[in-house]
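Data block below; observations after.
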Amino acid sequence: MRLGPAAILNQNPIFEIASKAQKTRLMNPSEKFTLAHLTDPHLADHHDIRFADLLNKRFFGYIKWRLKHNAAQHRAVLGSLLEDLRANQPDHIVVTGDLTHLGLPAEFQKAKEFLCALGAPSAVTVIPGNHDAYVAAALEDGLSHWVEYVASDQHQHTGGQSFSSSALFPSLRIRGSVALIGVSTARPCSTFLAVGRIGKEQQQRLQKMLIETGRKGLFRVILIHHPPVNGVVSWRKRLTDAEAFRAIVQQHGAELILHGHAHRLAQTQLKTPAGFAPVIGISSASAGDRHSKRRARYHVYHLSQTAHGWQVHVCVRSLGRRKEFITQDEFRLL
Ligand SMILES: [Fe+2]
């Protein structure tokens, strides 16, 4: 039996489909904070690609792109996505990695233009993915284009320099009662792997950050490219220190974890001291796929604080048949 999206969501105890009455309430403008999540746009620019650029792992990524992607469709989907986001005006947008496809300088520039179209750096938070670190030095060079969209609130930066990604992460941005914590798992790896790693130093800083933001009673949203839960992606694409990440969340908690990388809808959960944190991954923002779980989508999280704690309603905007984004589902996180 093939399950519809509503049935799939209901299989998980922490997700609940909104009833008709709740859907009406979702439209209430009294919501406190709206957070849009999109991921993996894979912006490509191969017009000026040189033979020398392909004498490494990029060769296989380039071939795959030529075989699998339709550039015009890709552009049309992203155009439609930008239009829809503009119409919905979320308070903040997060992008969980793979903004580029081959980590080329031209793609980092294109991704910067995409980010500018999404909004001001103060309203858009970005973390990198494995494609942004496709070859050694790509990420360090590329981050100079996006640093304003990546860095923590307190970060001081000057233009035109290269950045050490290890110094930038985890990033912390606080918007009202919401803490956006960006973890980088992006690092170069061998040709046929797409693994990620957080690393010991970042893990230690993450622990501290979760403790401090938890003490302040903030709603902690962790952004991470690789899914930290087993079984969502294959061994070849795994997060190598996922177990350490899970132990940190189990000990110090988080309210919501958003990821990319899988290029499909994935809803799981992780143990926390308070119970469970939802872990949600979505399909690529530029995918014109026929399968509903892989077709382009973004989620809008409506966060509100009540006397009983946080309430989270999710609106799923996905690419419809007419190539416009439509509300595919609405549900709430318990
Ligand atoms: Fe990706």
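Probing with 1.4 Å while keeping every protein chain in the model, the per residue accessible area of region 67-186 equals 38 Å².
With both labels modelled 7 Å from their Cα along Cα-to-Cβ, the Gln250 to Thr306 distance reads 3.1 nm.
Extension gain, Ser164 to Lys64, is 33.1 nm, computed as 0.36 nm per intervening residue step minus the present C-alpha separation. Considering only protein heavy atoms and a probe of 1.4 Å, how much of the accessible area of region 104-241 is carbon and sulfur, as a whole percent? Of all accessible area on region 104-241, carbon and sulfur atoms account for 51 percent.
Length gained on full extension, Asp48 to Arg290, computed as 0.36 nm times the residue gap minus the Cα-Cα distance: 84.0 nm.
The length gained by stretching the chain between Gln89 and Ser144 to full extension, at 0.36 nm per residue less their Cα-Cα distance, is 17.1 nm.
Cβ-Cβ distance of Ser122 and Lys208, R₀ of 25 Å, FRET efficiency by 1/(1 + (r/R0)^6): the value works out to about 0.55.
Order the peptides 72-79, 221-228 from the highest to the lowest mean number of other Cβ atoms within 10 Å of their residues.
Working: 72-79: 15.8, 221-228: 27.5.
Most protected by this proxy first, the peptides run 221-228, 72-79.
Here the simple spin-label model places points 7 Å from the Cα toward Cβ, and for Gln73 and Gln154 these points are separated by 4.7 nm.
Distance check, please: which entries in Lys110/Lys323; Lys200/Lys237; Lys64/Lys293; Lys112/Lys208; Lys112/Lys216; Lys200/Lys271 exceed 27 angstrom between their Cα atoms? Don't jump to the answer; show the numbers that get you there.
Details: Lys110/Lys323 22 Å; Lys200/Lys237 20 Å; Lys64/Lys293 21 Å; Lys112/Lys208 30 Å; Lys112/Lys216 33 Å; Lys200/Lys271 21 Å.
From the list (Lys110/Lys323; Lys200/Lys237; Lys64/Lys293; Lys112/Lys208; Lys112/Lys216; Lys200/Lys271), the Cα-Cα distance tops 27 Å for Lys112/Lys208; Lys112/Lys216.
The values are calculated or read from the model by the stated rules, or taken from the named source; none is laboratory data. As the structure is a computational prediction, the values presented were derived from the model and not from experiment. Note: ideal-geometry Cβ built from the backbone for every residue, glycine included; neighbour counts use all protein chains shown. Surface areas here come from the heavy atoms of the whole protein model, side chains and all, with no ligands, DNA or RNA. Shrake-Rupley method; radii C 1.70, N 1.55, O 1.52, S 1.80 Å.
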